[in-house]
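So the structure is just underneath, and the comments pick up after that.
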């Protein structure tokens with residue numbers, strides 16, 4: 001882990017009306033708690049000179065969610081009305097699927113991505129994994145993110161289960177997880193925060209650490 005201060009960018013993923021008032025509503029944690037934390041993180045980033053990147057998922061106009069031109073596809077005012085440095089659009093889960101995103105990070109000498117937004121188990125997960133594979137340090141703020149429930153032929157998972165499990169997996173090897181408040185405090189004296197590892201995470205599960 002580098003002893004130099006992290007060169008962070010705050011990646012605000014898909015905080016769109018669809019997840020708040022539309023056809024694909026976040027269930028856990030409730031938006032009543034995650035949206036204020038998202039706003040708090042953006043405000044802190046702006047106050048400390050951390051670039052803010054807004055990410056927007058847009059699908060064809062006939063799609064049932066995130067349809068191009070629809071109110072659901074619009075960025076929610078909590079993010080759209082706050083200062084930000086860059087906006088990218090995508091049609092796939094990972095933010096790295098957006099043309100030029102990785103180039104923008106390199107141009108701004110970013111080495112650490114802080115991920116917030118929606119959904120924990122889909123676009124956040126995909127972005128975090130790809131960022132880690134590309135060599136970036138990654139941070140994840142679960143209380144500024146959220147999930148919804150799924151049911152398919154593989155079974156059922158509640159929003160709370162998915163949010164909790166994905167957060168545990170992220171901390172085990174992909175991203176340092178912390179609260180929004182902890183992250184904001186770190187900005188005053190920026191230091192790299194390490195995630196756990198899969199071996200220690202397993203030992204703890206069995207009471208061996």
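The values are calculated or read from the model by the stated rules, or taken from the named source; none is laboratory data. Please read these numbers as outputs of a predicted model, since none were measured by experiment. Every residue, glycine as well, gets a Cβ built from its backbone with ideal geometry; the counts of neighbours run over all protein chains shown.
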- Message: For the condition assigned to a helix (DSSP H, G or I), in contact with a strand residue (DSSP E or B) (Cβ under 7 Å, 6 or more places away or on another chain) and closer than 20 Å to residue 39 by Cβ, what is the one hit in 115, 79, 87?
- Response: 79
- Which numbered condition trips up residue 49, out of (1) closer than 21 Å to residue 178 by Cβ; (2) part of a loop (DSSP other than H, G, I, E, B); (3) in contact (Cβ under 8 Å) with a residue 24 or more places away in the chain? (3)
- Query: Taking segment 113-146 only, how many residues are more than 11 Å from the chain's Cα centre (by Cα) and crowded, with 23+ Cβ neighbours inside 10 Å?
  - Reply: 1
- Item | Scope segment 77-96; condition surrounded by 15 or more Cβ atoms within 10 Å (Cβ to Cβ) and touching a helix residue (DSSP H, G or I) at 6+ places or on another chain (Cβ under 8 Å); matching residues | 78, 79, 82, 84, 86, 88, 90, 93, 94, 95, 96
- Message: For a quick check of your reading of the model, give me the residue pairs whose first member lies in segment 179-198 and is farther than 15 Å from residue 37 by Cα, whose second is outside any loop (DSSP other than H, G, I, E, B) and modelled with pLDDT under 95, with beta-carbon atoms closer than 9 Å and at least 6 apart or on different chains.
- Response: none
- Message: Please go through segment 1-18 and give me each residue that is surrounded by 17 or more Cβ atoms within 10 Å (Cβ to Cβ) and within 21 Å of residue 183 (Cβ to Cβ), ordered by number.
- Response: 6, 8, 9, 10, 11, 12, 13, 14, 15
